[in-house]
1. Points 7 angstrom from Cα along the Cβ direction at Glu333 and Ile190: gap in nanometres?
2. Tally Lys/Arg at +1 and Asp/Glu at -1 over every other residue whose Cβ is under 9 Å from the Cβ of Phe339; what's the total?
3. Using the Cβ atoms and a cut-off under 11 Å, what net charge is assigned to the surroundings of Leu309, where Lys and Arg are +1 and Asp and Glu are -1?
4. Probe 1.4 Å, all protein chains in place: accessible area of Leu214 in Å², nearest 10?
5. Where in the chain is the longest stretch that carries no trypsin sites (Lys or Arg not before Pro) classed as loop by DSSP and with at most 10 other Cβ atoms within 10 Å?
6. For the stretch 114-223, what class follows from the C-alpha gyration tensor (a ≥ b ≥ c being the square roots of its eigenvalues): rounded when a/c is under 1.5, otherwise prolate if a/b is larger than b/c, else oblate?
7. How much accessible surface area, in Å² rounded to 10, belongs to the heavy atoms of Glu284 with a 1.4 Å probe?
8. If the elastic network links every pair of Cα atoms under 10 Å, which of Val231, Val71, Val125 fluctuates the most in the Gaussian network model of the chain?
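The values are calculated or read from the model by the stated rules, or taken from the named source; none is laboratory data. Predicted, not measured: the structure shown is a model, and the values here were computed from it. Neighbour counts run over all protein chains shown; Cβ positions are idealised from the backbone, glycine included. Each accessible area value is taken on the protein alone, full model and side chains, heavy atoms only, with ligands, DNA and RNA left out. Shrake-Rupley method; radii C 1.70, N 1.55, O 1.52, S 1.80 Å.
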Amino acid sequence: VISAKLVSFFIATTICFFTVAFLSLAKSTDTTILLIGGSISFATAFILIYYTFEFLIFREINKIYDVIGKVKKKHLRDFQASAIDVKNSDNPLRSIKQEIVSYVSRKELEIDKLKKLEAYRREFVADVSHELKTPIFAAQGYILTLLDGAVDDDKVKYKFLRKAAKSLNSLDALVQDLLTLSQLESGGIIMKKDYFNMYHLALEALDQLEDKALKKQIKTEIIAPDKDLIVYADYNRIMQVMLNLISNAIKYNREAGKVTITLDNLEKTVRVTVSDTGIGISAEHIDRIFERFYRVDKSRSKKQGGTGLGLSIVKHILENHKTKIKVSSIVGEGTSFSFKLKKRKEDTEKGKEDEQ
Ligand SMILES: Nc1ncnc2c1ncn2[C@@H]1O[C@H](COP(=O)(O)OP(=O)(O)OP(=O)(O)O)[C@@H](O)[C@H]1O
Ligand SMILES: [Mg+2]
């Protein structure tokens, strides 16, 4: 415990002790002289030391503390006034040290976060440029070949034009996905929630992907014990989720495989599960498939026109619906993705009444 008064008291007492001891050595000194000498030396030493400490050292320390306080308030809006009150503290030096240490560690955390974000941004820019390059180069190649003379050959002409158009379509799809993702991340997309029938949405999604499934002779099925499943969500966004999940289930399936959509009527929610009989995802990849641009098998996914953005969009849309996506998979057997959507209030109440 250090305070100006305490320190001054101890030093003044020591000086007083030595003064009295020194005076007592002289033969002519009596008790009165010793008392007066002792008192004067104590009082002078105490006053001088106390003022030196209080005004030169502690005042300066308090100034430093005020500066730290101001810096903290300026930089950390969520800063809560420190419990340590330097001015009234027993040991201002220790308090200052604690303040500085806590401030520095907070700043270090902030810097670490910024560094991670910066690395993420750099990686993202590299990924985007890489992904954009592929379709642009392909379309450019076809068009240049046409200009170089292939345009005169009727057979080749249409083939190359079709290929160039396909590359430009995938470029368009990529840019659309990127825009959606960045809007979802920045909170720029507001979910337009409404009531709709989840069974009908699943039917419509399967219908849209029917051609893709037929090409691989994949059978599709919806298992829903209850067809009147009204959920509260953004229809178009949930459609986007379903199209992504079903097209993955088709893309990463075997020939003549199966895609099943199961709709479970739970107490307050409807659980949607999309499962396939495909190649599966191994444990080392399963946690990463929701990252942007992440593909388990890059060459295979690319051949099928994948950019690795589908599942990150799915994840963001579902997060915006305050729900999470779960995945389970067995390599070589298949994968299933599931999520829950809130049901209509009356239905959950009706469900409760039925139970009673
Ligand atoms: N049903 C599935 N079975 C096996 N692997 C899957 C399945 N769904 C996704 N994956 C793996 O996860 C990766 C990421 O999927 P995601 O949908 O994000 O990207 P993509 O399908 O490659 O491209 P995109 O959806 O943008 O066209 C895929 O590349 C694939 O390796
Ligand atoms: Mg996909």
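1. In this crude label model, Glu333 to Ile190 measures out at 4.6 nm.
2. +4
3. -1
4. 110 Å²
5. Longest run free of exposed loop sites: 193-321.
6. It comes out oblate by the Cα gyration axes.
7. 140 Å²
8. Val71
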